Amino acid sequence: MAELTLPEDFITQTKAITGDELWQTMKEALAKEPPVSIRMNSGKCTRMAPCEDIVEESVPWCKDAYYLKERPNFTFDPLLHAGIYYVQEASSMFLDTVLRQHAGSEPVKMLDLCAAPGGKSTVARSILPDGSLLVCNEPMRNRANILAENIQKFGNPDVIVTNNFPADFKKARITFDIILTDVPCSGEGMFRKDHNAIEEWSKANVDKCQTLQKEIVESIWECLKPGGLLIYSTCTFNTKENEENIRFIAEELGAEVLPVETDKSWNITGSLLPHLNMPVYRFLPGRTKGEGLFMAVLRKKNDGTEAHEHKNKSRRCNENSKNTRNKKATEQQWLIGGDDFIVHSHKEKIAAIPRLWNNIYEDICRSLNVIHAGVTIGECKGKDVIPAQSLALSTRLNRKAFVTSDIDYMQVISFLRKEAITLPPETPRGIVLITYNGFPLGFVKNLGNRANNLYPAEWRIKSTHLPEGHNEILKENRDI
């Protein structure tokens, strides 16, 4: 790894808050390659585990997560595209510990306000009690599309993905039990992974970020129910964007800062402001095995008043045509427990929304820009409904409803590149579910001499290079 040239102002600022000894520890760590870590998707698979020869150790603050000895070529592992695991920086997985201690056992409604690319959202969805709804939001449209892709690969239907600014939620007056604000920051914890973060850093930008972060929290505060949890997070080291903002939330908004039980062996650093004695949790390279992360958990005081959601009737969410209405009974059979869902159609696309939170979905649709929700079942093409990629990757896919073809590694790579593939001659014509090692990857329309690839063009592997070997990092877990 090339040596990092860090801004002098950053060095001076960081040494002032950490002291010389801790700064030296961080400096040495920042000169090394960052650790690589993955988290298994237990909602989809328990029969696979990372191969022993590539695992270094488990991530101690997150269940089913592992450090790897080196970075594999993840792009060419089909099981990554199937959503069997997620590549995620280990420090950010601390959300697992936070939610296990504070989310409770009853269903909740949670908002991940700045969610792209989706790592923390998928952690949250793994932990939240059954019957909970997670709304994942990303203000930037291109990043929101990446978020929607990762959420669909994860496969849980109890998720809505939106593309809105925090002020839009305030205007909509939709309330939540838990709000995660992983706010935009100066990105000091990204220096060794993204050299652009170094070039963009300045003291002025730190001040700008601090102001923006306060505005975001103030904007979304009304959307948090009394007694609800705000989880504040950044990927930066300085105290302006971290401790000082927590003090602002506590003093100006009247929040209680909550402790999180941790293990001393994790080497998490507390407050770096001597006069601020609050439970906050900072992951510093060299002390903890990961990048920079700061996290704090705050509870909104319950003043006895109830937050009321505004019912905005200005936008229609559900548009049904005669053609799609006639097909709903068939489409619900494509899902396990299809009666648990209500089928909606909009602009020829058909989505299945869990009945438990269908009313919430309709309220959100009227006020916010929804880009994915529940399970996208398919799209109407004339008299036919072409099954969607979201359905193929859903944990509620009824595989018995489709002809299945399990293909080999090289065919899978062609499929993931959205190239035409040829199925065995005995394969029936029509829609076929493509699997690899038994895991669904998507659909094709088999024409006999070839199969039209229905994999989303925007998801395809763009690289024409194929590294040696199969580049697979999981194996059968023989301990279960």
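Counting only residues at least eight positions apart within a chain, or on another chain, the aspartates and glutamates with an alpha carbon under 18 Å from that of LYS171 are ASP112, GLU138, GLU215, GLU218, GLU222, GLU306, GLU309, GLU362, ASP363. Site pair CYS51 and GLU252 shows an inter-label distance of 5.2 nm when each label is modelled 7 Å from Cα along Cα→Cβ. A full extension of the chain between GLU106 and GLU70 corresponds to an added length of 9.0 nm, given 0.36 nm per residue minus the alpha carbon distance.
Where both bridge residues fall in the range 1-142, DSSP classifies roughly 70% of the beta bridges as antiparallel. The stretch between THR211 and ARG450 holds 80.3 nm of extra length on full extension. This uses 0.36 nm per residue minus the Cα-Cα distance.
Hey, if we sort ILE421, ILE54 by accessible area with the 1.4 Å probe, largest down, what's the order?
Output order, biggest surface exposure first: ILE54, ILE421.
The solvent-accessible area of THR5, taken with every protein chain present and a 1.4 Å probe, is close to 120 Å². Accessible surface for CYS235 stands near 40 Å², nearest 10, in the context of the full protein assembly shown (1.4 Å probe). Taking amide H as placed 1.01 Å from N in the peptide plane, the amide H of LEU68 sits under 5 Å from that of VAL36, SER37, ILE38, GLU56, each at least 5 places away or on another chain.
Relative to the Cα centre, the charge distribution of the chain, modelled as +1 at Lys and Arg Cβ and -1 at Asp and Glu Cβ, gives a dipole magnitude of about 2080 debye. Between ASN477 and SER58, the modelled labels are 1.0 nm apart [label points 7 Å from Cα along Cα→Cβ]. Remark: the range 285-293, residue by residue, has Karplus-estimated 3J(HN,Hα) of x, x, 9, 10, 8, x, 8, x, 9 Hz, where x stands for each Gly or Pro and the curve is 6.51 cos²θ - 1.76 cosθ + 1.60 at θ = phi - 60°. Residue separation of ASP408 and ASP9 scaled by 0.36 nm, minus their Cα-Cα distance, works out to 138.3 nm of gained length. Per-residue SASA remark: ARG355, around 130 Å² accessible (1.4 Å probe; ligands, DNA and RNA not included).
In the context of the full set of protein chains, residues of the range 5-91 present 46 Å² of accessible surface per residue (probe radius 1.4 Å, heavy atoms only).
Within straight-line reach of LYS383, meaning a Cα separation under 13 Å, sit the following aspartates and glutamates at least 8 residues removed in sequence or on another chain: GLU348. The convex hull defined by the C-alpha atoms of the range 101-183 has an orientation-averaged projected area of 5.1 nm².
With the simple spin-label model, which puts each label point 7 Å out from Cα in the Cβ direction, the GLU28 to SER265 separation comes to 2.2 nm. With 26 Å as the limit, the listed pairs LYS347/LYS445; LYS32/LYS214; LYS15/LYS289 have LYS32/LYS214 beyond it between alpha carbons.
The values are calculated or read from the model by the stated rules, or taken from the named source; none is laboratory data. Since we're looking at a predicted model, the values are computed, not measured. Note: ideal-geometry Cβ built from the backbone for every residue, glycine included; neighbour counts use all protein chains shown. Surface accessibility is based on the protein's heavy atoms, side chains included, excluding ligands, DNA and RNA. Shrake-Rupley method; radii C 1.70, N 1.55, O 1.52, S 1.80 Å.
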